[in-house]
1. Can you list the helices (runs of 4 or more DSSP H) lying wholly within region 39-144 that have 3 or more residues being over 16 Å from Leu17 (Cβ atoms) and among the hydroxyl-bearing types (Ser, Thr, Tyr)?
2. For the structure I just gave you, tell me whether Ile54 is surrounded by 18 or more Cβ atoms within 10 Å (Cβ to Cβ), of a type in the set (Val, Ile, Thr), more than 22 Å from Arg206 (Cβ to Cβ) and free of Cβ contacts under 8 Å to residues at least 40 places away in the same chain.
3. Among the residues of region 82-99, are any buried (at least 20 other Cβ atoms within 10 Å of the Cβ) and without any contact (Cβ under 8 Å) to a residue 40 or more places away in the chain?
4. Considering every residue within region 198-210, establish whether at least one is under 16 Å from the mean Cα position of the chain (by Cα), surrounded by 13 or more Cβ atoms within 10 Å (Cβ to Cβ), among the basic types (Lys, Arg) and at pLDDT 90 or above.
5. Just to be sure I understand the filter: pairs with C-beta atoms under 6 Å, separated by 6 or more residues or on different chains, first member in region 116-130 and charged (D, E, K, R), second member not in a loop (DSSP other than H, G, I, E, B). Which pairs pass?
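The values are calculated or read from the model by the stated rules, or taken from the named source; none is laboratory data. From a predicted model like this one, the values you see are computed outputs, not experimental measurements. Don't worry about glycine lacking a Cβ; one is built from the backbone with ideal geometry, like all the others, and counts go over all protein chains shown.
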Amino acid sequence: MKEIYAEIIGTTILVLLGNGVVANVVLSKTKGNEKNGEWLTITIGWALAVFMGIVVADPYSGAHLNPCVTLSYAIIGKINWNVVPYYIISQIIGSMLGSLMVWILYKDYFSLTKNEQDKLSVFVTIPGIRNFFSNFFSEVLATFVFIFISFFIRSNGFLVFIDKKFPMWIGSIGYLPNSLLILGIILSLGGVTGPAINPARDLGPRIIHSIVPIPKKGGSNWDYAMVPILGPILGSIIAAKLYLFL
């Protein structure tokens, strides 16, 4: 059960801090509300959210926090297939809890915000231009890059050897490469869709958006939901297969 709890808690932290920075930037009257530089603020916030979620969950579950990570690890044989459903369900639960907490925290500011898209963007990804092919390709490519490069980042990189005899323990700093990977991908490839890179990160909050009472919130864009769900899954499968081939 420790793996399940770790994935729930880690993904809750990830989405709470990730969606939280979006809420702080886009909702009216918040201390962080800004129109200039908001993309960089959100990107850095999400990268830090990844770091903090991994720090908490990694010792117990490996800190997947993402169905694409779980699926790709199963494909390359790093985990058993029988644990995959438990990990994914835990990640979805965590993403719902995280986004629910964001709604509770910023409830008053949702009421003051006029733009329906701003309210929705706190929960889910929204493409800059709605075009199924480019949106889907963006999610596939961004997730492919994320999963493929993550295979080459040592998950147990807590020891740095000054030379062959003297290791130096670096603790949680060993998780930074994963956060920098997310930072680079969003800055370089995120202009089209967001991107999600993580089906749970989009699905769980989208469910919460559809059920919580937000004044004049508009629809939850369920007709677009398959793009940030299926696109990352396909990208992770391609990345895992190429890694095995190489």
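1. Details: elements: 67-75, 84-105, 107-112, 116-121.
Output list reads 67-75, 84-105.
2. Here the answer is no, as Ile54 does not meet what is asked.
3. There is no residue in region 82-99 that is buried (at least 20 other Cβ atoms within 10 Å of the Cβ) and without any contact (Cβ under 8 Å) to a residue 40 or more places away in the chain.
4. Yes, the conditions are met somewhere in region 198-210.
5. Asp118/Val26; Lys119/Phe110
Yes/no per residue for (1) of a type in the set (A, V, I, L, M); (2) in contact with a Pro (Cβ under 8 Å, 6 or more places away or on another chain); (3) at pLDDT 95 or above; (4) within 16 Å of Leu203 (Cβ to Cβ):
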{"residue": "Tyr5", "(1), (2), (3), (4)": "no, no, yes, no"}
{"residue": "Asn19", "(1), (2), (3), (4)": "no, yes, yes, yes"}
{"residue": "Glu34", "(1), (2), (3), (4)": "no, no, no, no"}
{"residue": "Leu40", "(1), (2), (3), (4)": "yes, no, no, no"}
{"residue": "Ala49", "(1), (2), (3), (4)": "yes, no, yes, no"}
{"residue": "Thr70", "(1), (2), (3), (4)": "no, no, yes, yes"}
{"residue": "Ser90", "(1), (2), (3), (4)": "no, no, yes, yes"}
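Every residue, every condition in (1) polar (S, T, N, Q); (2) crowded, with 23+ Cβ neighbours inside 10 Å; (3) within 22 Å of Val192 (Cα to Cα); (4) over 15 Å from the mean Cα position of the chain (by Cα), yes or no:
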site	(1), (2), (3), (4)
Gly20	no, no, yes, no
Ala23	no, yes, yes, yes
Thr30	yes, no, no, yes
Val50	no, yes, yes, no
Leu65	no, yes, no, no
Gly77	no, no, no, yes
